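Taking it in order: structure first as structure tokens, then the write-up.
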Amino acid sequence: MPGIFVDIQNELTDIEREVGMLSDAVSLYAKGSKDDPAWVWVVVQGLASGVEKVYSGCERVMAMIAADIDATPVSHHDGWHAALLSRVAQAFPGVRGAVISEQTYQALDLLRSFRHRHRNSYGLTLDAEIVVDRAQQASFAFAHFKRDVTDFGESFEVRSSGPGPR
């Protein structure tokens, strides 16, 4: 097993823990008092930060694949986050097939755009229900991402261990 897949598995484990905490936080929000603006602000900020952490973890995995397997990292320019996501959703000619499915791409792209909004907004401007929805979407997106990356790793290992070039 190439070392990159050990590193990817470690990242997936860390992201999965974050997803678990995010899910628990959604439950806390559902049970709490929406009448206390400070409490709502704290929970919404925590949820938004959790969504950001989940997407950023997935993005680290995608960057590892681009740098190590594609041997062509995505340069950090305007729009590089979207370019990286698009890269792993497509085959890289002569090297690998698509890493993630179209469904996973769509789910992650929703989180990517939310992360951008969260990073560039004040907490008071975030809509609590949208944040909760994105937090729930993060669980769905990560489950699909993990499945796709795991399947990719397994198929990549089979191809790379066979005769001839990868």
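Determine whether Trp80 is surrounded by fewer than 17 Cβ atoms within 10 Å (Cβ to Cβ), free of Cβ contacts under 8 Å to residues at least 12 places away in the same chain and among the aromatic types (Phe, Trp, Tyr). Yes.
What's the total number of residues in region 83-99 that are part of a helix (DSSP H, G or I) and buried (at least 17 other Cβ atoms within 10 Å of the Cβ)?
Of region 83-99, the ones part of a helix (DSSP H, G or I) are 83-89.
With buried (at least 17 other Cβ atoms within 10 Å of the Cβ) added as a condition, the list becomes 84-85, 87-89.
Total meeting the criteria: 5.
Consider region 1-54. How many of its residues are charged (D, E, K, R) and in contact with an Asp or Glu (Cβ under 7 Å, 6 or more places away or on another chain)? Don't jump to the end; show me each part of the working.
Initially, region 1-54 is screened for residues charged (D, E, K, R), giving 7, 11, 14, 16-18, 24, 31, 34-36, 52-53.
Then drop every residue that is not in contact with an Asp or Glu (Cβ under 7 Å, 6 or more places away or on another chain), which leaves 53.
Residues flagged as charged (D, E, K, R) and in contact with an Asp or Glu (Cβ under 7 Å, 6 or more places away or on another chain) within region 1-54 amount to 1.
Suppose we filter Gly97, Gly57 for residues that are in contact (Cβ under 8 Å) with a residue 40 or more places away in the chain, out of contact with any helix residue (DSSP H, G or I) (no Cβ under 7 Å at 6 or more places or on another chain) and on the phi < 0 side of the Ramachandran plot; which single one remains?
Details: Gly57 fails: out of contact with any helix residue (DSSP H, G or I) (no Cβ under 7 Å at 6 or more places or on another chain).
Going through Gly97, Gly57 in turn, the sole match is Gly97.
Hey, Asp24 hits all of (1) in a helix (DSSP H, G or I); (2) more than 21 Å from Ala141 (Cβ to Cβ) but one; which does it fall short on? Of (1) in a helix (DSSP H, G or I); (2) more than 21 Å from Ala141 (Cβ to Cβ), only one is false for Asp24: (2). Criterion applied to Ala71, Ala141, Ala66, Ala83 was being at positive phi and either over 15 Å from the mean Cα position of the chain (by Cα) or modelled with pLDDT of 90 or more (or both), and the one residue passing it is Ala71.
Please determine whether any residue of region 36-47 is part of a loop (DSSP other than H, G, I, E, B) and either closer than 26 Å to Val131 by Cα or at pLDDT below 95 (or both).
Kept after step one, since they are part of a loop (DSSP other than H, G, I, E, B), are these residues of region 36-47: 36.
From what is left, the residues that are either closer than 26 Å to Val131 by Cα or at pLDDT below 95 (or both) are 36.
Yes, region 36-47 contains a residue that is part of a loop (DSSP other than H, G, I, E, B) and either closer than 26 Å to Val131 by Cα or at pLDDT below 95 (or both).
Give the residue, chosen from Arg117, Arg159, Arg166, that is modelled with pLDDT under 95 and touching a Phe, Trp or Tyr at 6+ places or on another chain (Cβ under 9 Å). If you could, list the steps in order and put the result at the bottom.
Values: Arg117 fails: touching a Phe, Trp or Tyr at 6+ places or on another chain (Cβ under 9 Å); Arg159 fails: touching a Phe, Trp or Tyr at 6+ places or on another chain (Cβ under 9 Å).
Result of the check over Arg117, Arg159, Arg166: Arg166.
Under 7 Å by Cβ, and 6 or more places apart or on different chains, what pairs join a residue from region 5-22 that is closer than 14 Å to Arg147 by Cα with one that is aliphatic (A, V, I, L, M) and surrounded by fewer than 20 Cβ atoms within 10 Å (Cβ to Cβ)? Taking only residues 6 or more apart or on different chains, the pairs are Ile8/Met64.
Note on region 23-36: residues that are more than 20 Å from Val51 (Cα to Cα) and surrounded by 10 or more Cβ atoms within 10 Å (Cβ to Cβ) total 2. Residues in region 74-105 that are touching a Leu at 6+ places or on another chain (Cβ under 9 Å) and more than 16 Å from His144 (Cα to Cα): Val74 alone.
The values are calculated or read from the model by the stated rules, or taken from the named source; none is laboratory data. Not measured: the values here are computed from a predicted model. Positions of Cβ are generated from backbone atoms using ideal geometry, with glycine treated the same way; all protein chains shown enter the neighbour counts.
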